[in-house]
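The values are calculated or read from the model by the stated rules, or taken from the named source; none is laboratory data. Bear in mind that the values here come from a model prediction, so they are computed numbers and not experimental data. All accessible areas refer to the heavy atoms of the entire protein, side chains included, with ligands and DNA or RNA removed. Shrake-Rupley method; radii C 1.70, N 1.55, O 1.52, S 1.80 Å.
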Amino acid sequence: MNQVYFGKPGPGNTKQTLELAGQRARELGIRTIIVATTSGATALEAAKLLPNFNIVAVTHSTGFSAKAAK
């Protein structure tokens with residue numbers, strides 16, 4: 001198994017991350033991939049790039065006040 005390091009964080013890494021996850025899932029016989037997403041964009045990208053997998057999208061809860069947000 002290889003490691004990949006990105007030069008900076010951000011959505012520009014999503015496609016390669018999903019492709020690598022799909023490759024590894026195929027190697028291990030995994031059929032379901034869970035992705036974290038706030039807006040749904042990552043889940044949509046996963047569905048496009050990984051059509052033969054079950055994609056489960058999880059997000060964070062909403063309703064935090066700006067004062068309490070960290």
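Each 5 Å bin from 0 upward holds the following percent of the Cα-Cα pairs of the chain: 3, 14, 24, 19, 18, 10, 6, 4, 1, 0. Per residue, the chain exposes 81 Å² of accessible surface when a 1.4 Å probe is rolled over the protein heavy atoms with every protein chain present.
Against the chain, whose longest principal axis comes from its Cα atoms, helix 14-28 is set at around 50 degrees. Over the residues of the chain, the helix contribution to mean residue ellipticity at 222 nm works out to -10500 deg cm²/dmol, using -39500 (n - 2.57) for each DSSP H run of at least 4.
When T38, T14 are compared by accessible area at a 1.4 angstrom probe, the order from most to least is T38, T14.
Go through E19, E45 and list them by solvent-accessible area, largest first, probe radius 1.4 Å.
E19, E45
Taking the chain as a Gaussian network of alpha-carbon nodes connected by springs under 10 Å, the highest mean-square fluctuation of the residues L18, L28, L50 belongs to L28.
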